[in-house]
Amino acid sequence: KYMIKTGPSFQQVYMVQVLATGDPDRAREIKTRLTGQGYSDIEIIKEDNFYKVRVGKFQLESEARKLEEQLRIDGWQTWVRTWRIEEDLSGMGIYNIEGELLARGTNFILEGNLNLDGRLYQGFYEFLYSGNGITIYNTTGLNTILYGLLPTIPDSDQEYIEILKALTVLYRTDVIRAKLAGNYEGFLKLPNYQGAEAGYSQIKAVNETDGEIFSWSDRMNRINVQFTSNDLAGILALVEEGLDYREILRTLAAVLEVETDLKIIDLSEQIEQRALVEAEVTSGLKYKEIRQLTWWGPRVITLLDLNMDQIALKTAPYLARGQIPGLEDLADMLKREQALAGINGGYFNYTGKPLGFMMKEGQVISEPIKGRTVVAWTECGKVIIDHLQKWQGILNGEIVINGVNREVKPGEIVVFNKYYGEQTPGGDGQTREIVVSNNSVVEIRDKTSTEGTPIPGDGFIIQARGEAREKLQEIVVGEPISLEDDFYPDFWDKEHIVSGLGAGPRLLEGGKLNITGEEEEFQNDILLGRAPRSALGITPDRHLILVTVDGRQPDLSIGITLENLALFMQDYGVIDALNLDGGGSARMVVRSFTMSNPSAKRLLSSGLLIKFAGNLP
């Protein structure tokens, strides 16, 4: 808690007194001796007909006690006294609850909670000393002001909601017009404004018309009118029952003799966009930086545009550190893989294990989940964006493999390949392993220890647990063995994919918006609101588009919703697109430089990298 006040300031300090004498010459002599001993901040104070020699001036008594001890060592008899000092403040002072002066000035800008006259305010406050007192300005959001300007109606009077929406558009127009004109008179300057205790109706009216203003004669001309709760019934009588707020606005304009060419403009749909950077990274690969100004704030977008017909360049997903689990900075991943550029990949858990489908060099690394959207590359270089519902492996044409590079549950068979790491997890006495190298069985063992088994670089290991071990009984050392992928829907099998990455949700399908967030069972923290995001899309002329949008940095970039991200991709010419991991993960690196502005320092599980074909895999 703090106090801000004007006028003189009284400050209590602690001083060490060494002498009280009626002889001023004696007092001056003692001061000279103290100075010669190296002491400073010495004062002679006349009080009650005595001249008192005091040393030091401390806020804390403990500091004064330290000086007192030193003076006694030097042969002085001393005692600590408190002293009240009056300071003349030309402006205001900020004091703590102990009454100590913390700062002084004529203008303070503070952030936090302010309790004033029994009301709690939140946000930024400016305290301005004008010579006669203190003026307090509270900076608050536009919507909060609109809540306060609207009449209050009972929740039962829902027939007034459309009228409140019409009034919201009217007031929003006036506020913006006055702001742009620099004119703060009228209701923009509210001397007695004490914050808005918004009810359901006010919140609904403001939020459902967010960004909408009106104009007539192609200008935001002012309609200087205020309505109270008592006026609502009169307004309702002027309009036909069942009209929406846009029609009510036009009716009000006619009643108020406003010109009839009134237009409703949605500023949330108005985007001012500039391309600040467009550079060629290498032949067939362009980097772009785009700045947008929107109703909600600025946005910074970074973009990679790859011509997939440029055969010298290839794109594929890569694991952090090349294995599960693993986490790595995207710039380090590019350096290790000798890549030109890249973007963050799919979702992952705290260990770095991918959450969703991943495939590299024809080997599945992680299974699909919840039928989410996948981007995949085929043997012939085709890029596919679609839902992948299920994967299972087929061993020797008949034995079903339940999972890949994950914990083996009782009754399951799981395959472990080189992407899992150097060795398999240990067994529990109920686990059988089949070690395969160069498409041939080289070892069969029943694991009883917790030690792992080294995974062949040219093969894989099958683990079966519990009753599933019986399905592997007929396999013997030395015989050839095959492992095939079985995808659902079936068209994935026919496409012969060699690499892929799952993320989601889908954004565009066939050039039209198709955001499948609920279908793919994403949580609201991904589906709703503006956030830093990354996305991938393809154009009809075979360009691969990688995009990041910075967010959670109000002065730089506010982020983007899934819908607006899809619209941006659509405007760019993308016909199929999916959302990648976002939030603190969203980032883009070009030639080892981070080109985006990530909202957090975060290591990643995977990345989509662009490399010269000669540097693959």
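Residues to consider are ALA27, ALA20; find the one that is in a strand (DSSP E or B) and among the small types (Gly, Ala, Ser).
On the way: ALA27 fails: in a strand (DSSP E or B).
From the options ALA27, ALA20, the qualifying one is ALA20.
From the list LYS57, LYS5, LYS31, pick out the single residue that is modelled with pLDDT under 90 and crowded, with 16+ Cβ neighbours inside 10 Å.
Details: LYS5 fails: crowded, with 16+ Cβ neighbours inside 10 Å; LYS31 fails: modelled with pLDDT under 90.
After ruling out the rest, the residue left standing is LYS57.
Looking at this structure, is GLY452 outside any strand (DSSP E or B), of a type outside the set (A, V, I, L, M, F, W, C) and closer than 20 Å to ASN402 by Cβ? Please lay out each step first, then the result.
Numbers: outside any strand (DSSP E or B): yes; of a type outside the set (A, V, I, L, M, F, W, C): yes; closer than 20 Å to ASN402 by Cβ: yes.
In short, yes.
Yes/no per residue for (1) under 30 Å from VAL18 (Cα atoms); (2) open to solvent by 60 Å² or more (accessible area, probe 1.4 Å); (3) in a loop (DSSP other than H, G, I, E, B):
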site: ARG72; (1), (2), (3): yes, yes, no
site: TRP76; (1), (2), (3): yes, no, yes
site: VAL80; (1), (2), (3): yes, no, no
site: ARG104; (1), (2), (3): no, yes, no
site: ILE109; (1), (2), (3): no, yes, no
site: GLY112; (1), (2), (3): no, no, no
site: LEU120; (1), (2), (3): no, yes, no
site: PHE127; (1), (2), (3): no, no, no
site: TYR137; (1), (2), (3): no, yes, no
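Filter the strands (runs of 3 or more DSSP E) completely within the range 329-399 down to those with at least 2 residues that are out of contact with any helix residue (DSSP H, G or I) (no Cβ under 8 Å at 6 or more places or on another chain) and open to solvent by 10 Å² or more (accessible area, probe 1.4 Å). First the steps, then the outcome.
Numbers: elements: 341-344, 358-360, 363-366, 373-378, 383-387, 390-395.
The qualifying strands (runs of 3 or more DSSP E) are 383-387, 390-395.
Kindly provide the set of residues from the range 521-550 that are acidic (Asp, Glu) and under 22 Å from the mean Cα position of the chain (by Cα), ordered by number.
GLU521, ASP525, ASP550
Using the structure shown, decide if LEU603 is surrounded by fewer than 19 Cβ atoms within 10 Å (Cβ to Cβ), modelled with pLDDT of 95 or more and more than 20 Å from VAL300 (Cα to Cα). Can you show your working first?
Numbers: surrounded by fewer than 19 Cβ atoms within 10 Å (Cβ to Cβ): yes; modelled with pLDDT of 95 or more: yes; more than 20 Å from VAL300 (Cα to Cα): yes.
Spelling it out, LEU603 is indeed surrounded by fewer than 19 Cβ atoms within 10 Å (Cβ to Cβ), modelled with pLDDT of 95 or more and more than 20 Å from VAL300 (Cα to Cα).
Return the pair list, or none, for Cβ contacts closer than 9 Å from residues in the range 18-33 that are within 19 Å of GLU68 (Cα to Cα) and in contact (Cβ under 8 Å) with a residue 60 or more places away in the chain to residues that are outside any helix (DSSP H, G or I) and of a type in the set (Phe, Trp, Tyr), at least 6 apart or on different chains.
Close Cβ pairs (under 9 Å, with a partner that is outside any helix (DSSP H, G or I) and of a type in the set (Phe, Trp, Tyr)) amount to VAL18/TRP76; VAL18/TRP79.
Consider PRO410 carefully, then state whether it is under 20 Å from ALA577 (Cβ atoms), out of contact with any Pro (no Cβ under 6 Å at 6 or more places or on another chain) and not in a strand (DSSP E or B).
Working: under 20 Å from ALA577 (Cβ atoms): no; out of contact with any Pro (no Cβ under 6 Å at 6 or more places or on another chain): yes; not in a strand (DSSP E or B): yes.
When the stated conditions are applied, PRO410 does not pass them.
Among the residues of the range 139-159 satisfying the criterion of being modelled with pLDDT of 80 or more and under 28 Å from the mean Cα position of the chain (by Cα), which is least open to solvent (accessible area, probe 1.4 Å)?
The residue in question is LEU146.
Which one is farthest from GLU269 (Cα to Cα) among residues in the range 291-328 that are in a helix (DSSP H, G or I) and open to solvent by less than 50 Å² (accessible area, probe 1.4 Å)?
Just the residues of the range 291-328 that are in a helix (DSSP H, G or I), to begin with: 320-322.
In the following step, the residues that additionally are open to solvent by less than 50 Å² (accessible area, probe 1.4 Å) were identified as 320, 322.
Values: ALA320: 39, GLY322: 43 Å.
Only one residue fits best here, namely GLY322.
The values are calculated or read from the model by the stated rules, or taken from the named source; none is laboratory data. This is a predicted model, so every value here is computed, not measured. As a convention, Cβ positions derive from the backbone with ideal geometry for all residues, glycine included, and neighbour counts pool all protein chains shown. We work out accessible area using only protein heavy atoms, side chains counted, and drop any ligands, DNA or RNA first. Shrake-Rupley method; radii C 1.70, N 1.55, O 1.52, S 1.80 Å.
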